[in-house]
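**Student:** Mind looking over this structure? Questions follow.
Bear in mind these aren't lab numbers, they're just calculated from the coordinates by the rules spelled out. Keep in mind it's a predicted model, so treat the numbers as computed, not measured. FYI the Cβ positions are ideal-geometry reconstructions off the backbone, even for glycines, and counts take in every protein chain you see.
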Amino acid sequence: MKRVMSLVDLQREETYIKELTEDRPIASLPFAGRYRLVDFALSSMVTSGVRNVGVLLPENKSRSILDHLRSGKDWDLARHHKGLFYLPPVRPENGEKASDLRNIYYNLNFVENSNEEFVLLARATSVYNIDFNKVLKFHLDRGADVTVVTSKAWHSDPCSGLIVQPEKNGRIRDAAIKPELKEGEYRSLGIFLMSKELFCNVVRYAFEHGGTDFRRDAILKQATGLKFYTYIHEGFSARVCSTPAFYLSNLKMLEQEVWQELFMQENAPIITKVKDMAPTEYKEGAQVKNSLIANGCEIHGIVENSVIFRNVRVMPGAAIRNSVVMEDCVVEADAEIEQVITDKEVTITRGKRLRGAMNFPVMIGKHITI
Amino acid sequence: MKTRCLAMILAGGQGSRLGVLTAKVAKPAVPFGGKYRIIDFPLSNCAHSGIERVGVLTQYRPFELNNYLGNGNAWDLDGREGGVFILPPYARAKGADWYSGTADAIYQNLNFVEMSDPDYVLILSGDHIYSMDYSKMLDAHIGKGAEATIGVIRVPMEEASRFGILDAEPDGRITRFTEKPAQPTSDLASMGIYIFTKDFLRDYLVEDAKREESSHDFGKDIIPKMLADGAKLYSYSFDGYWKDVGTIESLWQANMDFLADEPPIDFGGHWRIHSANPSLPPHYIGPEAEVSHALLNEGAVVLGTVAHSVISSGVRIGKGAKVTDSVVMPFAVIEDGAVVDHAILGPHTKVEPGARVKGTPDSIAVTGENEVVKAAG
């Protein structure tokens, strides 16, 4: 992996996940009780041995991401040589529009000045634990020009995405950006591997010919004549760019095999910012079934089929079912929530009842008291 | 380089009364409370008290402890000039010696003390569970113009003979100190926490090192000598939770103390206990699990029943397994149908399907690191 540098792209369209991204990019969405989405791309890079990581910051809302990543120390990326680099966007001028391609283009210097041969670009919107050494080996074995990492979708999704049709050996027969995704399709996890030279060429050409979208203008439009392959990731993955996908993917963490494969791989943990939260306290009356519970919680009531983030209090007689409850929330005595997503610091006061549906969970925004 | 107050943590003891739990690690590295190790408590106290330079004196089985401490980053003790310094016995031109007592350990590191150039030296031990603001004790030391200040706590009179007991005047001036007295004259016990004005301490350590009949121990030799000389020794009263966890029973009991409705220390509060931890996901509670009155840490999987127990990182509790009144240390595995009651399971213990580890409140069952418990028959 000494031959590979990487870019983490935090810019992403948020149309389908507006409620959760009002003051944060998708990359810093809380996930699985204690993580933020960016942790998955970054951890896979670091545990695969990548030591030179550029983080392409979004146009705005970068506070939460900077607070999370800081010096990169938690990922062993605070280094004298290489390590973590923040690549801020250049302010658009003359009516130009901000875009991921523009962001990459104006930071190409960073790529060109690095001495690695390959560039791995990953968008921080997917959940996975991938050994990128295997992706590099695949890329080299096939003699590919561009390798995109995909996996089979386990649910349909209203959010647009890059779909590929692979041949047996992984060569891509056709690739297209579809407005919505169906179960069983091979969808991109937003991970692209190519030589540094090709990367710089396609980015420069695309942007200088009016392009705005990396996938469309730098990859798809220039794919003709290139050896375009897909590495199909067989382990668990989720693409979190719509509210339903966020909800379903969190609940998917309750499956033991998924939990095990994603988080408990020897030498390949998912790393996140350390907060030194105390172990969770189970009190008199606690009844917890099939749930993922982070540290720092205090549980007096019922929790079923739910993901509970750090420092949540579930008071006596309260019940949480099929829900995703983020950090610092309180569900007061005898309150009940079902099929609900609560953002951080939400309080459900005594005796209140809220119920959504599995395909349409009720979403409660940050700091709200019900 | 100037340091106001240098802390020295005595972490070299074998902790032989902890039996198999310290067969492979020093006592300060023994896990506690589901997430911590004993040494996290004095280290976190130092970090929160504004003490930025800490020497850790190690001797017995130091590797795991050294590995755990690393560069001190987990406790924010990795500043440019501060930090955690691991101080094992070392060889000099005239040979090498093990640390023969608590005072000797500091004496052998006087070079390090002088290099740090502190005004005051805080001596701590690595075997107590407590949260304490040492800066207040230092203020008291300075305010009274003391040469030595000893942290004290009131203990039940019937237990007093297990401690170093001291008599003090109403203003705190210490008049008498007796290590483990048969007939205690007061209930003020030394916590093994001392602040010394540095030059004063150095002179006594140098003098004590020359005395062949000395056991080179703070409680037995240094403090009594200072008192005999009429030095200004004061007590500093601490009234929070403080627990010596030097025996299996006291380690078990201290863990159980944190299952109370109001735990004696808020691990995650403003005086947060820091620790160095592997990156593990939130714990998972299975569809048929039952968990109550318990502390659970990250990475654990519970498919069976847990009641009144402390479950550490990465522990697995299988279907139908039952864990009651126990402390399960990191990465222990309790397989389907196994029973664990009134026990401490050491790290990576494996209790096979249907096997039992049963103790009683008076005699806690213990397993050592990597021990495998097979089912009877």
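**Student:** Scaled to the compact-protein estimate 2.2 N^0.38 Å, what is the alpha-carbon radius of gyration of the range B:6-136, rounded to two decimal places?
**Tutor:** Normalised Cα radius of gyration, the range B:6-136: 1.01.
**Student:** Take the alpha-carbon positions of the protein assembly as shown, form their convex hull, and give its projected area averaged over all directions (one quarter of the hull surface) in nm².
**Tutor:** Orientation-averaged projected area of the Cα hull: 37.6 nm².
**Student:** How about the range B:150-225: which trypsin sites (Lys or Arg not before Pro) there lie in a loop by DSSP and see at most 14 other Cβ atoms within 10 Å?
**Tutor:** In loop regions of the range B:150-225 (DSSP not H, G, I, E or B), the sparsely surrounded trypsin sites (Lys or Arg not before Pro) are B:211.
**Student:** Looking at the range A:1-61, which trypsin sites (Lys or Arg not before Pro) are DSSP coil and have at most 13 other C-beta atoms within 10 Å of their C-beta?
**Tutor:** A:2
**Student:** Enumerate the lysines that residue A:182 could reach by cross-link, defined here as Cα to Cα under 25 Å, with residues fewer than 8 away along the same chain left out.
**Tutor:** Candidates past the 8-residue exclusion: A:18, A:152, A:168, A:221, A:252.
**Student:** Ordered by packing density, taken as the mean number of other Cβ atoms within 10 Å over each peptide's residues, highest first, how do B:257-263, A:325-331 rank?
**Tutor:** My ranking of the peptides, most packed first, is A:325-331, B:257-263.
**Student:** So, one more: What average count of beta carbons from other chains do you get within 10 Å of the Cβ of residues in B:32-40?
**Tutor:** Going residue by residue through B:32-40 and averaging, the value is 2.
**Student:** Quick one: which residues, 5 or more positions from residue B:339 or on another chain, have an amide H under 5 Å from its amide H? H modelled 1.01 Å from N in the peptide plane, none for Pro or chain starts.
**Tutor:** B:322, B:355, B:356, B:357
**Student:** Determine, for the range B:194-312, the count of lysine pairs separated by eight or more sequence positions (or lying on different chains) whose alpha-carbon distance falls under 26 Å.
**Tutor:** Summing the qualifying lysine pairs gives 9.
**Student:** OK, next. Determine one quarter of the surface area of the Cα convex hull of the range B:107-152, which equals its mean projected area, and express it in nm² to one decimal.
**Tutor:** Over every viewing direction, the Cα hull of the range B:107-152 projects on average to 4.2 nm².
**Student:** Now, a different point. Taking the Cα centre of chain B as the origin, how large is its charge dipole in debye, to the nearest 20, when only Lys and Arg (+1) and Asp and Glu (-1) carry charge on their Cβ atoms?
**Tutor:** For chain B, the charge dipole is close to 680 debye.
**Student:** Something else: Show me, for the range A:347-360, the HN-Hα J-couplings you get by feeding each phi into the Karplus relation (A = 6.51, B = -1.76, C = 1.60, θ = phi - 60°), rounded to Hz, glycine and proline as x.
**Tutor:** Per residue, the Karplus-derived 3J(HN,Hα) values read 10, 9, 6, 2, x, 6, 10, 9, 9, x, 10, 4, 8, 8 Hz.
**Student:** Then there is this: Divide by every residue of chain B the summed helix terms, -39500 (n - 2.57) for each DSSP H run of at least 4, and state the resulting mean residue ellipticity at 222 nm, rounded to the nearest 500 deg cm²/dmol.
**Tutor:** Taking each H run of at least 4 residues, the total per residue is -5000 deg cm²/dmol.
**Student:** Check chain A for me: any Cys whose beta-carbon has no other cysteine beta-carbon within less than 4.7 Å?
**Tutor:** Result for chain A is A:200, A:297, A:329, no neighbouring Cys Cβ within the cutoff.
**Student:** A further question follows. By the scheme Lys and Arg +1, Asp and Glu -1, what is the net charge of all other residues having a beta-carbon under 9 Å from that of residue A:287?
**Tutor:** -1
**Student:** To continue, here is another question. Taking a ≥ b ≥ c as the square roots of the Cα gyration tensor eigenvalues, with a/c under 1.5 meaning rounded and otherwise prolate when a/b beats b/c, else oblate, which class fits the range A:165-220?
**Tutor:** Oblate is the answer for the range A:165-220, as a/c is 1.5 or above yet b/c matches or exceeds a/b.
**Student:** Cα gyration tensor of the range A:97-176, axes a ≥ b ≥ c as square roots of the eigenvalues: rounded (a/c below 1.5), prolate (a/b > b/c) or oblate?
**Tutor:** Oblate is the answer for the range A:97-176, as a/c is 1.5 or above yet b/c matches or exceeds a/b.
**Student:** Rank A:125, A:245, A:306 by how far each Cα sits towards the positive end of the charge dipole of chain A (+1 on Lys, Arg Cβ; -1 on Asp, Glu Cβ) and give me just the farthest.
**Tutor:** A:125
**Student:** Let me ask something else about it. Please give me, ordered by residue number, the trypsin sites (Lys or Arg not before Pro) of the range B:12-47 that lie in loop per DSSP and have at most 15 other Cβ atoms within 10 Å.
**Tutor:** B:24
**Student:** Please report, in cubic angstrom per residue, the volume enclosed by the convex hull of the alpha-carbon atoms of chain A.
**Tutor:** Expressed per residue, the convex hull around the Cα atoms of chain A is 130 Å³.
**Student:** Another question, if that's okay. What's the magnitude of the charge dipole for the protein assembly as shown around its Cα centre, counting Lys and Arg as +1 and Asp and Glu as -1 at the beta-carbon? Answer in Debye, nearest 20.
**Tutor:** With only Lys, Arg, Asp and Glu charged at Cβ, the dipole is about 2100 debye.
**Student:** Excluding residues on the same chain fewer than 8 positions from residue A:275, give the lysines whose Cα lies under 18 Å from its Cα.
**Tutor:** A:73, A:344, B:35
**Student:** Applying the Karplus parametrisation 6.51 cos²θ - 1.76 cosθ + 1.60 with θ = phi - 60° to the phi angles of the range B:142-151, what ³J(HN,Hα) value in whole Hz is obtained for each residue in order, glycine and proline being reported as x?
**Tutor:** Rounded to whole hertz, the list is 5, x, 8, x, 6, 9, 9, 10, 10, x.
**Student:** Would you please give the residues with an amide H less than 5 Å from that of residue A:304, counting only those at least 5 places away or on a separate chain, with H modeled from the backbone geometry?
**Tutor:** Under 5 Å from the amide H of residue A:304: A:289, A:320, A:321, A:322.
**Student:** As a check on your grasp of the helix formula, calculate [θ] at 222 nm for chain A: sum -39500 (n - 2.57) over DSSP H runs of n ≥ 4, divide by the residue count, round to the nearest 500.
**Tutor:** Value at 222 nm, helices only, nearest 500: -5500 deg cm²/dmol.
**Student:** While we're on this one: With contacts defined as alpha carbon pairs under 8 Å and 6 or more residues apart, what's the relative contact order of chain B in percent?
**Tutor:** Computed value for chain B: 15 percent relative contact order.
**Student:** Set Lys and Arg Cβ to +1 and Asp and Glu Cβ to -1, take the dipole of the protein assembly as shown about its Cα centre, and tell me which of B:264, A:265, B:339 lies farthest positive.
**Tutor:** Sorting the options by dipole projection puts first A:265.
**Student:** Using the Kirkwood formula over every pair of different C-alpha atoms, what hydrodynamic radius in Å results for the range B:86-206?
**Tutor:** After inverting the mean inverse Cα-Cα distance, the result is 16.1 Å.
**Student:** Let's see if you can work this out: charge +1 on each Lys and Arg Cβ, -1 on each Asp and Glu Cβ, no other charges. What is the dipole magnitude of chain A about its Cα centre, in debye to the nearest 20?
**Tutor:** Roughly 480 debye for chain A.
**Student:** Moving to a separate point now. Just tell me how shielded A:265-278 is by partners: mean number of partner chain Cβ atoms within 10 Å of each residue's Cβ, no decimals.
**Tutor:** For peptide A:265-278, the averaged partner shielding equals 4.
**Student:** At what distance in angstrom do the alpha carbon centres of the range B:153-176 and the range B:342-377 lie from each other?
**Tutor:** 39 Å
**Student:** When the expected Rg is taken as 2.2 N^0.38 Å, what fraction or multiple of it is the alpha-carbon Rg of the range A:1-132?
**Tutor:** Here the answer is 1.02, to two decimals.
**Student:** Just tell me how shielded B:268-280 is by partners: mean number of partner chain Cβ atoms within 10 Å of each residue's Cβ, no decimals.
**Tutor:** Average per residue, whole number: 4.
**Student:** Related question: Return the ratio Rg/(2.2 N^0.38 Å) for the range B:309-377, where Rg is computed over Cα atoms only.
**Tutor:** 0.94
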